[in-house]
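Notes follow the structure.
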Amino acid sequence: MRAGREFARRLTSTLKGLRGRLLFLVAIAILPFLGLTLYSNLERRQRTIVRAQHELLMLVRSVSNSQRQYVESAHQLLIALGQLPSVRERDAEACSAFFAKLLKQYPFYANFGAVTPGGDVFCSALPFEKPINIADRDWFQRVIQTQAFAMGDYQFGRISGRAVIVFGYPVLDKAGQLQAVLFASLDLRWLSRLLTEVKLPPETTLTVFDRNGAILARYPEGEKWVGQTVPEALIVQAALKQRGEGQITGPGLDGVNRLYVFAPLEGPARDPAAYVSAGIPLRVLFAEANRILVRDLAILGLVACFVTAVAVIGGWFFIARPVNALLGAAQQIAAGELDARVGPPYVQHELGWLAQAFDRMAEALQARLAERRRAEEALSRRSVILEAVVFAVHGFLRGTSWEGNIQQVLERLGQASQASRAYIFEVHKAADGTSLLSQRYEWVAPGVCSPVGNPALQAFPWLAAGFGRWGEILSQGQAFQSHVRELPESERTLLELQGIKSLLIVPIFVEQEWWGFVGFDDCLAEREWLPEEVEAFYAAASVLGAAVGHRRAEEALRQMNFAVEHSPVVLFRAQADGEVTLDFISANVRQFGYTVQEILANKFSVFSLLHPDDRARALREWQARVARGEESFRLEFRFLTKDGQTRWMNANIMVMRKPDGSVDHYWGVLTDITEHRRLEEQFLQAQKMEAVGRLAGGVAHDFNNLLTVIGLHSQWALRDLKPDDPLRESLEQIRKAGERAAALTRQLLVFSRRQVLEMRVLDLNEVLMGLSKMLPRLIGEDIAVKMSLAPGLWRVKADSGQIEQVVVNLAVNARDAMPTGGTLIIETSNVALDETYAREHAGVAVGDYVLLSVSDTGTGMSEEVKAHLFEPFFTTKEPGKGTGLGLATVYSIVKQHQGHIWVYSELGQGTTFRIYLPRAKEEVEIREAVSEVTPTPRGGETVLVVEDNLAVREIAARVLRELGYTVLEAASGAEALQVARAQGKLDLLLTDVIMPGISGSALAKQLVALWPGLKVLFISGYTDDLIASQGILEEGMALLQKPFSPEALARKVREVLDKPRP
């Protein structure tokens, strides 16, 4: 037993050794040949199968073709038999005798016969004892139906009792009527005769079976199988399923595994009526292939035994012995004998080269021990540095103090690297774009001087100082280390001043941009940082860059959150559900009275926050814009604050879609545009007022020309009438009507801002005090007038008469709002309007203003009335009780004074008008009182009257002539120049401002140039040409506003003529 176990151990050891592995390689080498042998045999079998399939297919096709030939032969034979008189006359005896002879001539037929149209057999080659009716046969029925040749299914004949195929043929008379049906039964035993002529392999079978699995013919053993029905047979099922040619392998009717090939035999209507199959046993088919396989495997086994013997013997001499020498040397080295060698001579092949390499390896092993100790030290330093990096990561993740954390990280890194200093520099830009370096943080070892306070290290222009090479290296992501003494002088000087011997700097990148560097100095000795250390410092720089980037991001996020929370716009996100439910909204929604928790907890939708009248419209438009595939869109709607106030909102919506195109959610920004819409409405109102004003000014101008003619004629005529003249009353009515019309046109001119203003610096309080006695009489005793006039009121530049008109109009308006009495309050004060007020009120400039406030305790106004308050001809009074120009005139006067007017009113709470007039820097102008002169002034000077309106020109000239003046007339500027040159001397030019061709001002300039002492008096229905800025007269110009009276004309002409020359 012990000897057996020892043998087994040695055998196992041998198999596991080189020789065993060599034998394994031999076996592996033989495997391809074994595989090739098996593959060749497999191909041989496949070729045998293909050849057998082809031969069997030819056989079954031959049977099928023979069947077709028999069918055609039967068709031709029956056509010929159909011409026999005995058949047509149904002579049973003669017909049967003829068919009996014919059957002997065609032994492959089983029978011939004839049948009446009713199916009764009246003639047969084979005798039959009792009457036979075959009307149920399918071939007979086909002949009756088609009146043509027909073929029946394979069947057993009722007369012959054999497996036959029956063919039928109709016999027709001349009229086409059926006389009889001929039939011929083909005996299937012709198949057996066919097979005897074909040489088939042993045990090959040929079988014919019909669609029901009934065996019609079989070779060999036909007597055993013919007549049996075997629908479950494998070949029968395969043929019925295929319904065409095919092949299958499996057990046959006798249980023998065969290769079968089958083909259909044509039946009626060319459908398969039966199938013929041929099968060869597989053992017969593969007998030759199996014999060749056994032979090839025997030869391969002999070759394998020979190769194995050669491999075992040669392996010992050429492999095992050299390997044993190598093994011995390796075991010595493993035991600590590092001087062990295989030694020469080295054979010149792989094992010899291996021995040489082994000896060189042993020599290098001793040298590597020192390198290993150095690497262990480097890894130890790297580990310490990485521990500092991990500390930094933990510190930054904890979110502790940035300053304290960065100092601790630098201390850890400096101690880990055994450096004298560790520091961080940042690259930044000066105001002029210069790139600078500044030291941000530093750690120094004990006893080492700290240069952190050195101003040279703050905002250091490193490029200009010659450190551009460092920037190129660091910006490319590479570390830089050097001994200071080896650096160029431009770099060395600054470093030597700090006592640095060697340095290492590693770039810091923030968001893939060079941000600065972390550096390490050795001030004690020159040194080189190992690659492992530099690699660890790269990791440290990466962590520092990520920390700086994170700090930036936190600061940006803090600023963004601050901006969002303090922004007037509200950011929100909504779900893509049917309600558009809010799932995020910025905290500044509190400006509308809501809290974020309140909106999200109650699952508010966007539309639930809208004004009820806007919800359906906003939802429809939202859904339509999304359905059209718009990625962003804008909506405007009214928003309800929590306390019920209505604010106009502009919503900018962004549609966020999924990859399949469906909506995922929405982002939106709500902007309060209430003030914007109000300012827009104010602007549109101002444009409308301007347009109506231009129309009113034009109308007033034309009316003034007519009223001038009416007034002058009526007043001049009244001078010539006696007090009791019956025409005086009519002329008085004409004059009064003209004055009322003139007052109305003056209001139109004021409204259109084409009324001439006599602007001067004045004290608004003095103007109001001048009205204090007149106002109570104007508005009635049941209304109390209270004035609160601020002391030290700033001055304004205004037309006092127009300001009085403003106050009177507002007082009258207040009176109508207080039908049962009340209080009228007039106040003044100094105000400074800032940018906030200017933004909220269109057209207002920032600056100092004097505020005039007129308030009442009346009925107040609705929002609709306030919207149309300053429109001309708008009135809430009954017809005939107001022109609708009162407040429109107030508005126009204020605007013509560069001022602003705002109204504040609520129903039942009274009304306040606030008028802001710009502050004037000049001193108040003192005007001397002018005493009235009763007599109408006269004169004898020469006056040139220029007026394109004939009626105005004629009456003006008539008045002046009767006052003693020499009057010249001209209808245009060009005609006036001709008249003036012809006259030679003029004292006064009285001219209309607006005329065709040369205007009045242009004419005055030309004539004054000819006669420098010429006086000029302008007359006009409005004075666009004379108004330099909003109706203010140019200095030194005199104007008489149409319509005017003869008295006014006389006084103005005299005033201008008597005025001393400047």
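Go through segment 808-840 and give me each residue that's acidic (Asp, Glu), closer than 24 Å to Asp763 by Cα and in contact with a helix residue (DSSP H, G or I) (Cβ under 7 Å, 6 or more places away or on another chain).
Quick first cut of segment 808-840, residues acidic (Asp, Glu) only: 816, 827, 834-835, 840.
Within this subset, residues satisfying the condition of being closer than 24 Å to Asp763 by Cα are 827, 834.
Scanning segment 808-840 gives no hits.
Taken together, Phe33, Phe122, Phe112 contain a single residue that is surrounded by fewer than 16 Cβ atoms within 10 Å (Cβ to Cβ) and either of a type in the set (A, V, I, L, M) or over 20 Å from Leu285 (Cβ atoms) (or both), which is Phe33. Report yes if Ser542 is at pLDDT 80 or above and farther than 30 Å from Gln591 by Cα, otherwise no. So Ser542 passes the test.
Just one of (1) surrounded by 12 or more Cβ atoms within 10 Å (Cβ to Cβ); (2) modelled with pLDDT of 70 or more fails for Cys305. It is (1). Consider segment 499-521 and keep the residues that are out of contact with any helix residue (DSSP H, G or I) (no Cβ under 9 Å at 6 or more places or on another chain) and closer than 17 Å to Leu487 by Cβ. The one that is modelled with the lowest pLDDT is Gly499.
Considering segment 70-158, the qualifying strands (runs of 3 or more DSSP E), each wholly inside and each with 3 or more residues that are among the small types (Gly, Ala, Ser), run over 109-115.
Matching residues to (1) among the aromatic types (Phe, Trp, Tyr); (2) assigned by TED's automatic domain parsing to the domain that holds Val534; (3) at pLDDT below 85; (4) more than 22 Å from Phe537 (Cβ to Cβ):
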| position | (1), (2), (3), (4) |
| --- | --- |
| Gly447 | no, yes, yes, yes |
| Gly453 | no, yes, yes, yes |
| Ile473 | no, yes, no, no |
| Arg485 | no, yes, no, yes |
| Glu489 | no, yes, yes, yes |
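Considering segment 238-251, and only residues there that are within 14 Å of Thr207 (Cβ to Cβ) and modelled with pLDDT under 80, the residue that is surrounded by the fewest Cβ atoms within 10 Å (Cβ to Cβ) turns out to be Leu240. Only one of the listed residues (Val924, Val967, Val952) is modelled with pLDDT of 85 or more and in contact with a helix residue (DSSP H, G or I) (Cβ under 9 Å, 6 or more places away or on another chain). That residue is Val967.
Taken together, the residues in segment 618-676 that are out of contact with any strand residue (DSSP E or B) (no Cβ under 8 Å at 6 or more places or on another chain) and either in a loop (DSSP other than H, G, I, E, B) or surrounded by 17 or more Cβ atoms within 10 Å (Cβ to Cβ) (or both) amount to 11. Scanning segment 527-537 for residues that are out of contact with any helix residue (DSSP H, G or I) (no Cβ under 8 Å at 6 or more places or on another chain) and among the acidic types (Asp, Glu) yields one hit, Glu528. Of the helices (runs of 4 or more DSSP H) lying entirely inside segment 929-1021, the ones with 2 or more residues being in contact (Cβ under 8 Å) with a residue 40 or more places away in the chain are found at 950-962, 1000-1010. Kindly check whether there is at least one residue in segment 840-847 that is surrounded by 19 or more Cβ atoms within 10 Å (Cβ to Cβ) and over 15 Å from Gln909 (Cβ atoms). Within segment 840-847 (the criterion being surrounded by 19 or more Cβ atoms within 10 Å (Cβ to Cβ) and over 15 Å from Gln909 (Cβ atoms)), the answer is no, since none of the residues qualifies. Counting the residues of segment 1010-1025 that are of a type in the set (Phe, Trp, Tyr) and modelled with pLDDT under 85 gives 1. Residues in segment 602-617 that are assigned to a loop (DSSP other than H, G, I, E, B) and under 15 Å from Ala574 (Cα atoms): Asn602, Lys603, Phe604, Val606.
For segment 505-539, which residues satisfy the criterion of being farther than 22 Å from Arg469 by Cβ, over 40 Å from the mean Cα position of the chain (by Cα) and not acidic (Asp, Glu)? Matches in segment 505-539: Cys523, Leu524, Ala525, Leu530, Ala536.
The values are calculated or read from the model by the stated rules, or taken from the named source; none is laboratory data. All values derive from a computational prediction rather than experimental measurement. Because the Cβ atoms are built from the backbone with ideal geometry, glycine has one as well, and the counts that use them run over all protein chains shown.
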